1. Scan the range 54-87 for residues that are within 17 Å of residue 202 (Cα to Cα) and either touching a helix residue (DSSP H, G or I) at 6+ places or on another chain (Cβ under 7 Å) or not in a loop (DSSP other than H, G, I, E, B) (or both) and jot them down.
2. Which one of 175, 170 is farther than 25 Å from residue 61 by Cβ, within 18 Å of the chain's Cα centre (by Cα) and surrounded by 14 or more Cβ atoms within 10 Å (Cβ to Cβ)?
3. Which one is modelled with the lowest pLDDT, of the residues in the range 152-177 that are part of a helix (DSSP H, G or I) and out of contact with any helix residue (DSSP H, G or I) (no Cβ under 6 Å at 6 or more places or on another chain)?
4. Looking only at the range 35-49, count how many residues are outside any strand (DSSP E or B) and within 11 Å of the chain's Cα centre (by Cα).
5. One residue is enough: does the range 102-111 have a residue meeting the conditions over 18 Å from residue 195 (Cα atoms) and either modelled with pLDDT under 95 or under 21 Å from the mean Cα position of the chain (by Cα) (or both)?
6. Taking the range 157-181 on its own, how many of its residues are in contact with a strand residue (DSSP E or B) (Cβ under 7 Å, 6 or more places away or on another chain) and without any contact (Cβ under 8 Å) to a residue 24 or more places away in the chain?
7. Just one of 198, 146 is in contact with a helix residue (DSSP H, G or I) (Cβ under 9 Å, 6 or more places away or on another chain), buried (at least 16 other Cβ atoms within 10 Å of the Cβ), modelled with pLDDT of 95 or more and closer than 30 Å to residue 37 by Cβ; which is it?
């Protein structure tokens, strides 16, 4: 997948929430289109790309979010540039804890995602090169990711376009490194987890 195709994909992902912001400026009373996201999320690190952006949708009074991330890993962080598409669900089991000065705390966010890597070396099929009952049992283009962490929220009562900003931090991992612990006993908990930070901006 070359840069121009990745840029086109990013534009497709960005179009709905850019349209939402423009429509809000025209008329705050206009009903939201079914495809327009409730928020936009930006994330740094976390096994879905060094930098990632996603439209975000809210369900069950914002206890559940669905996000479609486009992630990018520059060449200096990998053997070559990587483009990653991740469908992620975020569940918030506890209510927000009110704080002072428009701040609130989300005690826990549990995330689960499925990532697809756009690269010719990666395949969604199990190769006959390696036996599936041995170490190489996974498809190289797909990864199952998980994350856990809190979020600090700040409401924006005077903003016409945005309702709330949420800064979150997660401890994250993915299926391949977790299962590697079974094969390699020298791995520790610090070897199989990574950290990410992100910002979610909720629209009115």
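The values are calculated or read from the model by the stated rules, or taken from the named source; none is laboratory data. Just so it is clear, the model here is predicted, and its values are computed rather than measured. As a convention, Cβ positions derive from the backbone with ideal geometry for all residues, glycine included, and neighbour counts pool all protein chains shown.
1. Listed by number, the residues that qualify are 54, 55, 56, 57, 58, 59, 64, 65, 66, 67, 68, 69.
2. So the residue among 175, 170 that is farther than 25 Å from residue 61 by Cβ, within 18 Å of the chain's Cα centre (by Cα) and surrounded by 14 or more Cβ atoms within 10 Å (Cβ to Cβ) is 175.
3. Ranking the candidates gives 176 first.
4. Number of matching residues: 5.
5. Checked against the condition, which is being over 18 Å from residue 195 (Cα atoms) and either modelled with pLDDT under 95 or under 21 Å from the mean Cα position of the chain (by Cα) (or both), the range 102-111 yields at least one hit.
6. Within the range 157-181, residues that are in contact with a strand residue (DSSP E or B) (Cβ under 7 Å, 6 or more places away or on another chain) and without any contact (Cβ under 8 Å) to a residue 24 or more places away in the chain number 0.
7. Step by step, each of 198, 146 is checked, and only 146 is in contact with a helix residue (DSSP H, G or I) (Cβ under 9 Å, 6 or more places away or on another chain), buried (at least 16 other Cβ atoms within 10 Å of the Cβ), modelled with pLDDT of 95 or more and closer than 30 Å to residue 37 by Cβ.
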